[in-house]
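A quick write-up on the structure given underneath.
The values are calculated or read from the model by the stated rules, or taken from the named source; none is laboratory data. As the structure is a computational prediction, the values presented were derived from the model and not from experiment. Using ideal geometry, Cβ is built from the backbone for each residue, glycine included, and neighbour counts are taken over all protein chains shown.
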Number of protein chains: 2
Amino acid sequence: MVDILHRVGIKAPVAQVYAALTTAERIADWWTTDTRGNGDDVGGTLRFRFGAGGFDMKVLELDPGTRVLWEVIDGPGEWIGTHVSWNLEQVGDYTIVLFGHQGWKEPVEFMHHCSTKWALFLMSLKSLIETGTGTPDPRDVKIDNWN
Amino acid sequence: MVDILHRVGIKAPVAQVYAALTTAERIADWWTTDTRGNGDDVGGTLRFRFGAGGFDMKVLELDPGTRVLWEVIDGPGEWIGTHVSWNLEQVGDYTIVLFGHQGWKEPVEFMHHCSTKWALFLMSLKSLIETGTGTPDPRDVKIDNWN
């Protein structure tokens, strides 16, 4: 198994970060503008679309202000069955986000790519909360050579 | 063992990317402005400084236009003995960079942080080569809550 791991400090109360991870409308402001579904109930499904493709995720855990866990239930084969985890902690003026996208079977090139893209979307989340403006898809930077 | 993996496409000939990884002057334009040493000889040492701290790396492999491998020989304990690898491939107009920082003993918070920072420095490398301007330390974005 291979894991993507990231850490970012966001200068804001943890409740603001938690809200940005648990409502489709708010996720749409930092990850992909085409986000629908229910992120605020365990068992709910979130649907993320990027152009033609995308991912569906089931909400497995919600611990307000502390942790969010999603499982990928539809999308590219490499993603299905992987888990996306968000562990949050307030440290002084910062909310520390420990992010994981865990359970990749192999370190394929697409996994390398997603690792870099997650970092950029975490910066989009940080920017959204600290400045009011994120860079969700399709306004994000293209870093691949794929169509 | 835990690995940091990233992928980025840079719209430029591979020779330009290889040059940006093998001379201290050029690395200083995208990673940290305080970079010294010899990156163009196997066995050479590169010294990277960020404020008070930093890393020393030994050049283990150089395969022009294809691969660069460094070993961390001094710096924070978690980094010592880890390897930083750069695999390059020209695909059409792009140089594809597969980056690895491999051999971390544990997925500590500092490793999560470095994963995110490497993505941002790869974007600095991409920007340097595509636009002429990178964002090396200390001009990079602070993403942590550490002094």
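Just to be sure, is residue B:17 within 14 Å of chain A (Cβ to nearest Cβ), at pLDDT 95 or above and not in a strand (DSSP E or B)? Considered against the rule, which asks whether it is within 14 Å of chain A (Cβ to nearest Cβ), at pLDDT 95 or above and not in a strand (DSSP E or B), residue B:17 comes out as yes. Residue B:117: buried (at least 21 other Cβ atoms within 10 Å of the Cβ), within 28 Å of residue A:90 (Cα to Cα) and more than 7 Å from chain A (Cβ to nearest Cβ), yes or no? So residue B:117 passes the test. If you scan segment A:61-80, which residues turn out to be closer than 13 Å to residue A:17 by Cα and of a type in the set (Asp, Glu)? Selection gives A:63 alone.
Of all residue pairs spaced 6 or more apart or on separate chains, those with beta-carbon atoms under 9 Å, a first member in segment B:10-22 that is farther than 18 Å from residue B:84 by Cβ and a second member that is in a helix (DSSP H, G or I) are B:11/B:126; B:11/B:129; B:11/B:130; B:12/B:126; B:12/B:129; B:12/B:130; B:16/B:129. Exactly one residue out of A:122, A:60, A:21 is of a type outside the set (Ser, Thr, Tyr) and surrounded by fewer than 17 Cβ atoms within 10 Å (Cβ to Cβ): that is A:60. The set of residues in segment A:125-147 being within 20 Å of residue B:125 (Cβ to Cβ) and either part of a helix (DSSP H, G or I) or among the β-branched types (Val, Ile, Thr) (or both) consists of A:135, A:141, A:143.
The set of residues from segment B:82-103 being over 30 Å from residue A:147 (Cα atoms) and of a type in the set (Gly, Ala, Ser) comprises just one member, B:103. Looking across B:79, B:118, one residue alone is of a type in the set (Phe, Trp, Tyr), within 25 Å of residue B:145 (Cα to Cα), part of a helix (DSSP H, G or I) and touching a helix residue (DSSP H, G or I) at 6+ places or on another chain (Cβ under 9 Å). It is B:118. Within segment B:33-51, the set of residues being surrounded by fewer than 20 Cβ atoms within 10 Å (Cβ to Cβ) and under 15 Å from the mean Cα position of the chain (by Cα) comprises B:33, B:34, B:36, B:37, B:38, B:40, B:45, B:47, B:49, B:50.
The residues in segment B:37-62 that are part of a strand (DSSP E or B), of a type outside the set (A, V, I, L, M, F, W, C) and touching a strand residue (DSSP E or B) at 6+ places or on another chain (Cβ under 9 Å) can be counted, and the count is 8.
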